């Protein structure tokens, strides 16, 4: 290393002024927890001291201390140039090592292979490989000191405006910065003379994803799980006990939304809701901010509608139209069924469609058989009481009580009415009597009787 070359890059403009090389920044674990930037330097953008020159195989390193239990998920390295326009350079590696006796680092914890350094900003690395497939994830504990070092693959030329690592102007902290120089020795960076006083810390940083406190978590149903992070135990009905085990806690009785069926709601346990209040329980973990107690239109299978809560609609076997809907505007589908028009059966008709053709609707979900529900009884012509005997006084008595009717009556059932309607016009009238009279022998006719 040639320690005689230093350069103040000064304020920079254009593309190189502040370049952030963001390598899938949110792809690693930092997106899951609470990331904390760990640094020694007080670097100010535009006041850059580029240091060099470095030879291939040499390293610049910072000793950093984790503020928490967590994982290193990003490495940040300041990389600036004295003259704008230098291309990116592929350096050898970034090493993350355990701390040992300063200035010598300890064992290797992880290696980022082939970091591409772009001049003019803080380069950020979130993966160990150039293909961006392996996220940086190095476990650390609170108070642990570790070493992060950039290993050079290319000779730097700071004197001619080339890029290199930078430092701040805020003083050099003892036992926090070191260089590995050829022929092969680690040296305290703060001991080197500098052309631009005061000395400063190297701009090498990390992002540590701090773990939330862990403990026992009681869920909405009263079940307990150990080793859960605090931010993963915040849903409605969940209770977190920091640094405790399930064997040490008693989970609260589950609670949920309790609905009065009219839109009112209380947050209570199930036994109080159903046993004391006789209301409808919305389920463990629900609350009164949920729409579980809101009224809505409920379309029933018979085509009618009721304004109820969703749970009540389910109990009725209906189809809930959504919270805030109502039966005044709901277009509930009407059920289909068989429609009898005389002896003819028409399938899949609504009640209103059947009424429009003067038919008889047989009800929801009925069909045309077989057997055909619209076919009348198999009457022998004149056998009004349908007893199979010859036409006689019993038939005359039945005909008499059915005379003048077009619908069944207490003394004239549907079968008797059908058999009395000899001409099949839907009612028992003089035309039917004329035919019956011939059959009974009251009158005679050369014309054969016309039975339905």
Suppose we filter 308, 391 for residues that are in contact (Cβ under 8 Å) with a residue 40 or more places away in the chain, over 19 Å from residue 425 (Cα atoms), buried (at least 17 other Cβ atoms within 10 Å of the Cβ) and not assigned by TED's automatic domain parsing to the domain that holds residue 437; which single one remains?
308
Residue 263 passes all but one of the listed conditions (1) touching a strand residue (DSSP E or B) at 6+ places or on another chain (Cβ under 6 Å); (2) on the phi < 0 side of the Ramachandran plot; the exception is number (2)
Return the pairs, sorted by first residue and then second, in which the second residue is at pLDDT 95 or above and surrounded by fewer than 18 Cβ atoms within 10 Å (Cβ to Cβ), the first residue lies in region 134-161 and is at positive phi, the beta carbons are less than 7 Å apart, and the residues are 6+ apart or on different chains.
143/65
Given (1) surrounded by fewer than 14 Cβ atoms within 10 Å (Cβ to Cβ); (2) modelled with pLDDT under 95; (3) closer than 28 Å to residue 77 by Cβ, index of the condition residue 199 fails:
(1)
When you check residue 179 against the structure, is it touching a strand residue (DSSP E or B) at 6+ places or on another chain (Cβ under 6 Å), in contact (Cβ under 8 Å) with a residue 40 or more places away in the chain, buried (at least 21 other Cβ atoms within 10 Å of the Cβ) and assigned by TED's automatic domain parsing to the domain that holds residue 56, yes or no?
yes
Regarding residue 94, is this residue touching a residue at least 12 places away in the same chain (Cβ under 8 Å), under 14 Å from residue 150 (Cβ atoms), out of contact with any helix residue (DSSP H, G or I) (no Cβ under 6 Å at 6 or more places or on another chain) and buried (at least 20 other Cβ atoms within 10 Å of the Cβ)?
yes
Being touching a helix residue (DSSP H, G or I) at 6+ places or on another chain (Cβ under 7 Å), in a helix (DSSP H, G or I) and in contact (Cβ under 8 Å) with a residue 12 or more places away in the chain is true for just one of 383, 432, 423. Which residue is that?
432
Just checking, how many residues over region 97-120 are buried (at least 21 other Cβ atoms within 10 Å of the Cβ) and on the phi > 0 side of the Ramachandran plot?
1
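This table checks each residue for (1) exposed (fewer than 12 other Cβ atoms within 10 Å of the Cβ); (2) under 47 Å from the mean Cα position of the chain (by Cα); (3) at pLDDT below 90; (4) farther than 28 Å from residue 419 by Cβ.
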| position | (1), (2), (3), (4) |
| --- | --- |
| 321 | no, yes, no, yes |
| 326 | no, yes, no, yes |
| 331 | yes, yes, no, yes |
| 338 | no, yes, no, no |
| 349 | no, yes, no, no |
| 352 | yes, yes, no, yes |
| 362 | no, yes, yes, no |
| 370 | yes, no, yes, no |
For region 85-128, the count of residues that are over 21 Å from residue 43 (Cβ atoms), part of a loop (DSSP other than H, G, I, E, B) and touching a strand residue (DSSP E or B) at 6+ places or on another chain (Cβ under 6 Å) equals 6
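Give me the residue from region 394-429 that is within 60 Å of the chain's Cα centre (by Cα) and exposed (fewer than 13 other Cβ atoms within 10 Å of the Cβ) and, out of that set, nearest to residue 440 (Cα to Cα).
Result: 414.
Residue 72 - would you say it is more than 33 Å from the chain's Cα centre (by Cα), at pLDDT 90 or above, assigned to a strand (DSSP E or B) and at negative phi?
No.
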Search result, residues across region 273-332 that are closer than 27 Å to residue 364 by Cβ and assigned to a helix (DSSP H, G or I):
310, 311, 312, 313, 314, 315
Pick from region 18-50 the residues that are modelled with pLDDT of 80 or more and assigned to a strand (DSSP E or B): which of them is surrounded by the fewest Cβ atoms within 10 Å (Cβ to Cβ)?
37
Condition met for residue 229 (surrounded by fewer than 20 Cβ atoms within 10 Å (Cβ to Cβ), touching a helix residue (DSSP H, G or I) at 6+ places or on another chain (Cβ under 9 Å) and over 30 Å from residue 47 (Cβ atoms))
no
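The values are calculated or read from the model by the stated rules, or taken from the named source; none is laboratory data. Just so it is clear, the structure is predicted and the values come from calculations on it, not from any experiment. Virtual Cβ from ideal backbone geometry, glycine too; neighbours counted across all protein chains shown.
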